[in-house]
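**Student:** One structure is given below, represented as structure tokens, and several questions about it will come after.
The values are calculated or read from the model by the stated rules, or taken from the named source; none is laboratory data. From a predicted model like this one, the values you see are computed outputs, not experimental measurements. Here the Cβ positions follow ideal geometry from the backbone for every residue, glycine too, while neighbour counts run over all protein chains shown. These area figures cover heavy atoms from the full protein model, side chains too; ligands, DNA and RNA do not enter into them. Shrake-Rupley method; radii C 1.70, N 1.55, O 1.52, S 1.80 Å.
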Amino acid sequence: RARGSGSPGTGESGSGGGDVPHAHADTAVLSPMIEHVRALWSRLEGNVGWMDRDGRSDLAGCDPDHWNALEDALAESLRQCAPVQFQAARRSGLAVPILSFGRCVGSVACLVAGRSVDETDALLAVFADQLRGVERQTQDRFELDSMSEQLGQSYEELSLVYKLGGGTNLTDGPKEYFQRFADELLEIIGARTLVALIQPPKQDYSQPFIAGEGLGSEVRTEAVARYVLQLASRTAGPVILTNLSAHPTLVQLTGGTDRSMLAAPLRAGQSVLGVIVAIDRHGRDTFDSADAKLLNSVAEQTAGFLENRFLVQDLNELFIGLLTSLVSTIDAKDPYTCGHSQRVALISRCIAESLGLGINEITEVYLAGLFHDVGKIGVDDAVLAKPGRLTAEEYEKVKEHPVMGARIISGIKQLRNIIPGVLYHHERYDGSGYPEGLKEDAIPMMGAIVALADCLDALTSGRTYRSALSFEAAITELTRPEEKKFSPAILHALLECPANTLERQLQAAQSENRSSQPIPSIGWLQDY
């Protein structure tokens, strides 16, 4: 493709290309044209030979007695980049250079045997005119090939930018977003390594994502990106680094001054959210302004994505904070179950992790445990805080809370996926539960997980009518052979949880009346 016209150097900002491409003579392009010329002049007993700009000659079909004279004339024509007349064995010849975009890409010579001086001069004039046509064809061919390559390159670049703009959404994590463009960008600009270093706003840490060969270790690659981030954040656009001697730190990290780098800051307004760094072009060429322009386009798209994602994350944290306050208010209605929802959420998350669920599913199970009793907001305080056992009528009122909770959750779009955990957390494997009396595999997995977590916390929490069981005693109670109320697979997953770790988390939550772990973001947002 056409390369940019800016001469790269330390700290140069990339600018768009657009200059005429320099065509490089290629035997595959010149050879068929010259063979055509050779065939025409052979009918007139002319000897045609040619030499490319690297000094390789082709004298096929020429009289061996003429080879030295032909090669000398061709070489001199290349050196002077001008026509050269010569003689060989009573024949007259002319060597004519072939120019393409002002560069001498080869030379073609012809020896003719005219019957007179005038005839010889006329033949050589025709030969020279013919080569002017070859020259034009050669230049057109190189220009066409270059334009074709440039169009192909531009298509790849536009395709990449379009993919980023139209194919991304806020369900993507930073890693997924980086993988969406990393391999294609590496191929288009010919870089050996690509690093995206993301710096969340108001945070003192950053997260690297690396594609390609790297620099020996992730730590070293990240360190290089951190240093380049400082350089790139001082500029409005991309930066090309071709001589690292001015940056001893980079020389030490990369092991030499002959590295080439291209960096584009991830700017969102006045903030810099990170940097994308391309390191080392294949073939030891430097990056150019066309590469800088493309990388800057990708950086702008990435910065926009990250800015929106961080804003949504802030809203998500506010949303979860408000809901957590609501849960705490509900738990506070019953002094005997204060902190219950947070502990159920912890146990539910542990079971989900033991089952090998994905990060989004684990988060949703955690939230289902956190909000499983939200329906109790519609239950009379006197019933919830009653010190003794409930009457049958009171118990029926309490049994309405899963349905009421599901109704509340259904009005919150971001929480609709956790409805099964809220609605079915009182269903039992043997069919003795409520509100629908589901049994065995008819109970959604999320509901089965929260049901077991809810029961485990109830057993380990004190009530007026019974004392709290120890963690070990509660596990023994739940796993009695005659106990058929919980899914065997979910019970097995609970037993596979690290008991000491889970018990410590529950004790911390019990003492603090809140989870010792940060509230996770909703499924479509992952923490950095």
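**Student:** For the stretch 280-325, take the alpha-carbon Rg, divide it by the Kirkwood Rh, and send me Rg/Rh.
**Tutor:** That ratio equals 1.40.
**Student:** Normalised by the residues of the stretch 416-511, what does the relative contact order come to in percent, with Cα pairs under 8 Å and at least six apart?
**Tutor:** Answer for the stretch 416-511 is 23 percent.
**Student:** On a 1.4 Å probe surface of the protein chains, which of D457, D58, D381, D129 comes out largest in accessible area, and what is the full order?
**Tutor:** Descending order: D129, D381, D58, D457.
**Student:** Send over the per residue convex hull volume for the stretch 352-393, Cα only, as a whole number of Å³.
**Tutor:** Cα-based convex hull of the stretch 352-393, divided per residue, equals 115 Å³.
**Student:** Please report the equivalent ellipsoid semi-axes of the stretch 320-432, computed as sqrt(5 x eigenvalue) of the Cα gyration tensor, largest first, in whole Å.
**Tutor:** 24, 16, 14
**Student:** How high is the relative contact order of the stretch 287-420, given as a whole-number percent (alpha carbon pairs under 8 Å, six or more residues apart)?
**Tutor:** Computed over the stretch 287-420, the figure is 20 percent.
**Student:** Within the stretch 163-264, which GluC sites (Glu not before Pro) sit in a loop by DSSP and count at most 15 neighbouring Cβ atoms inside 10 Å?
**Tutor:** Within the stretch 163-264, the qualifying GluC sites (Glu not before Pro) (loop, at most 15 other Cβ atoms within 10 Å) are E213.
**Student:** What residue among L502, H492, I412 has its Cα farthest toward the positive end of the dipole of the stretch 373-502, where the charges are +1 on Lys, Arg and -1 on Asp, Glu, each on the Cβ?
**Tutor:** I412
**Student:** From the phi of every residue in the stretch 120-137, what ³J(HN,Hα) in whole Hz does the Karplus formula 6.51 cos²θ - 1.76 cosθ + 1.60 yield, where θ is phi - 60° and glycine or proline is x?
**Tutor:** Coupling constants for the stretch 120-137: 4, 4, 5, 5, 5, 5, 4, 4, 5, 5, 4, 5, 5, x, 4, 4, 5, 4 Hz.
**Student:** Whole number please: convex hull volume per residue of the Cα set in the stretch 248-295, in Å³?
**Tutor:** 97
**Student:** Sticking with this one: In sequence order, what are the phi-derived ³J(HN,Hα) couplings for the stretch 236-241 according to the Karplus relation 6.51 cos²θ - 1.76 cosθ + 1.60 with θ = phi - 60°, rounded to whole Hz, with x for glycine and proline?
**Tutor:** Each residue's phi maps through the Karplus curve to give 7, x, x, 10, 10, 10 Hz.
**Student:** If you keep only loop residues by DSSP, which trypsin sites (Lys or Arg not before Pro) in the stretch 361-467 have at most 16 other Cβ atoms within 10 Å of their Cβ?
**Tutor:** Sparse-neighbourhood loop trypsin sites (Lys or Arg not before Pro): R389, K399, K439.
**Student:** Just list whichever of K376/K399; K376/K397; K175/K293; K439/K484; K386/K485; K399/K439 have alpha carbons separated by over 19 Å in the model shown.
**Tutor:** As for pairs spanning more than 19 Å Cα to Cα, those are K175/K293; K386/K485.
**Student:** To two decimal places, what compactness ratio does the stretch 242-323 give when its Cα radius of gyration is scaled by 2.2 N^0.38 Å?
**Tutor:** Here the answer is 1.50, to two decimals.
**Student:** Give me the Kirkwood hydrodynamic radius of the stretch 256-377 in Å, from all C-alpha pairs, to one decimal place?
**Tutor:** 18.5
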